[in-house]
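Read through the structure below, which is laid out as structure tokens, and then see the notes.
The values are calculated or read from the model by the stated rules, or taken from the named source; none is laboratory data. Worth saying up front: this structure is predicted, and the values here are computed from it rather than measured. Cβ placement follows ideal geometry from the backbone for every residue including glycine, while neighbour counts extend to all protein chains displayed. Heads up: the accessible areas ignore ligands, DNA and RNA and are worked out on the full protein's heavy atoms, side chains in. Shrake-Rupley method; radii C 1.70, N 1.55, O 1.52, S 1.80 Å.
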Amino acid sequence: MSRSYDDWLASTAAQRATSGLHRSLRYRDATAPLIDVASNDYLGLARDSRVVGAAAEAARTWGAGATGSRLVTGSTALHRDLESTLCDFLGGEDALVFSSGYTANLGVITALAGPESLVVSDADNHASVIDACRLARARVVVTPHADLSAVENALATRSEVRALVVVDAVFSTDGATADVVALRRLCERYDALLVVDEAHSVGVIGEDGRGLVATAGMAHDPDVIRTVTLSKALGSQGGAVLASRAVTGHLTNSARSFIFDTGLAPACAAAALAALTVLSESKELVARLHAHRDYLADALDVARPAGAVVSAVLGDPGRTLRAAETCREAGVLVGCFRPPSVPSSGSRLRLTARASLTEVEVKEACAVVLDAIGRQR
Ligand SMILES: Cc1ncc(COP(=O)(O)O)c(C=O)c1O
């Protein structure tokens, strides 16, 4: 390898190791007897027999892959059904399925922003939103987290013709929600569109899991655009945009991450469809998730979040890594979040309240985590 790269790779690896920021892959066992409070399979649907069965049948019918981009051969009847079912369940005029939540965010923000526009983005937004802003070639103002007056100031003083305000509905590292109602009001006052990333919100927020925008009564507002992932509460993989037909038509013609990307695999589309059916037929899963979340938050002595994520902030990345390892050795899988996923002093154990866990398992997970971080029960 080139000497300059050799030196650079070795020194950056050494830096990561000394600052407790090294990451490596760990290949999961299909049947390991661990209590999982780490995954984003919030409702346990990834292993639901109806969801798995639908995926298997779709693979047999349509093949293992989508075979092409959505505009060439990658759109099947399953994609069409998924788009209309997403509209029925979440409300909204139209939906467009992408290969992931990441590409959905890239597609919407880059296709709707550009040299003549402003993007206002919350500092705590997900990396896919940050990357989309970087690619958009628009002027981007990153506002301090949840600072409505900074959003207003950015909109009020803009010289660009068009503006987008982009926010995560539920922030992925602490489960807090954005004030989408107040943001929508600001957008109306200053003629902007609101883009809400509902990745951690669908299947979690509201009694029926329809998400933050629908719960706030804004599902049919043409000036509110939602991105969702199929990869968390819906237990599948993929993403989608919910918006007016004018917007989805524009995305179909100009979102590069839609046009130049292989369509979502039919098995994933079928799995997400089945998951939406399960979710729409029962409120019990969402209620169980909420109960587990409240138990976890109370046990860890943090405020109950609206989302399914409860975090124990430890600060130091090395200490966080050791605590996560201790939990694993004791049979509990927790998320270990360190920079750049969180700010420099915000390393934390991240626990997800998953509906498929029993009360006994949630209690056991709490006890192990409290021991690992040296806190009294
Ligand atoms: C807030 C948020 N948006 C978007 C994504 C990307 O979704 P996907 O994993 O489907 O690409 C994630 C995934 O971690 C996320 O947390």
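Quick notes on this one:
- Packing-based ranking of 89-102, 170-183, 231-244 yields 231-244, 89-102, 170-183, ordered from highest to lowest mean Cβ neighbour count within 10 Å.
- Spread of Cα-to-Cα distances over 20 Å intervals beginning at zero, given as percent, for the chain: 28, 57, 15, 0
- Charge dipole magnitude, Cβ of K and R +1, D and E -1 - the chain, Cα centre, debye nearest 20: 780
- Amide hydrogen proximity for Ser69: with H placed 1.01 Å from N in the peptide plane, the residues at 5 or more positions away or on another chain lying under 5 Å are Gly74, Gly263.
- Here the Karplus curve 6.51 cos²θ - 1.76 cosθ + 1.60, taken at θ = phi - 60°, turns the phi angles of the stretch 238-249 into couplings of x, x, 7, 10, 10, 6, 5, 4, 4, 6, 5, x Hz, with x standing for Gly and Pro.
- Take the stretch 27-70 with all the other protein chains still there, run a 1.4 Å probe, and you get 60 Å² of accessible area per residue.
- Shape category assigned to the stretch 278-368 from the gyration tensor of Cα positions, a/c cut at 1.5: prolate
- Near-label residues of the stretch 2-38 by backbone N, under 12 Å of a point 7 Å along Cα→Cβ of Val52: 30-31
- Taking only the C-alpha atoms of the stretch 214-322, the Rg (one decimal) and the largest Cα-Cα distance, Dmax (whole number), read 18.4, 50 Å.
- If R0 is 30 Å, the Cβ-Cβ spacing of Thr358 and Glu207 corresponds to a FRET efficiency of close to 0.85.
- In this structure Glu329 has an accessible area near 140 Å², from a 1.4 Å probe over the protein heavy atoms.
- Ranked by how many other beta carbons lie within 10 Å on average, peptides 155-162, 297-304 from highest: 297-304, 155-162
- Ala367 paired with Leu25, simple spin-label distance in nm, labels 7 Å along Cα-to-beta-carbon: 3.6
- For His126, nonlocal amide neighbours, meaning residues 5 or more places apart or on other chains whose placed amide H falls under 5 Å from its own, are Asp168.
- Relative contact order of the chain: 24 percent, from C-alpha pairs under 8 Å at least 6 residues apart in sequence.
- Per-residue 3J(HN,Hα) values for the stretch 161-178, derived from phi via the Karplus relation 6.51 cos²θ - 1.76 cosθ + 1.60 with θ = phi - 60°, read 5, 10, 9, 10, 10, 10, 8, 6, 5, 10, 6, 6, 9, 9, x, 7, 9, 7 Hz in sequence order (x marks Gly and Pro).
- Most tightly packed first, judged by the mean number of other beta-carbon atoms within 10 Å of their residues, the peptides 3-14, 348-359, 260-271 read 260-271, 348-359, 3-14.
- Using the Karplus relation 6.51 cos²θ - 1.76 cosθ + 1.60 with θ = phi - 60°, the per-residue 3J(HN,Hα) values for the stretch 309-316 come to 9, 10, 10, 10, 7, 9, x, 7 Hz, with x marking Gly and Pro.
- Here the accessible area of the stretch 222-360 is 52 percent carbon and sulfur, with a 1.4 angstrom probe and all protein chains present.
- Cut-off under 5 Å, modelled amide H: who pairs with Phe98 long-range: Gly239, Ala240, Val241
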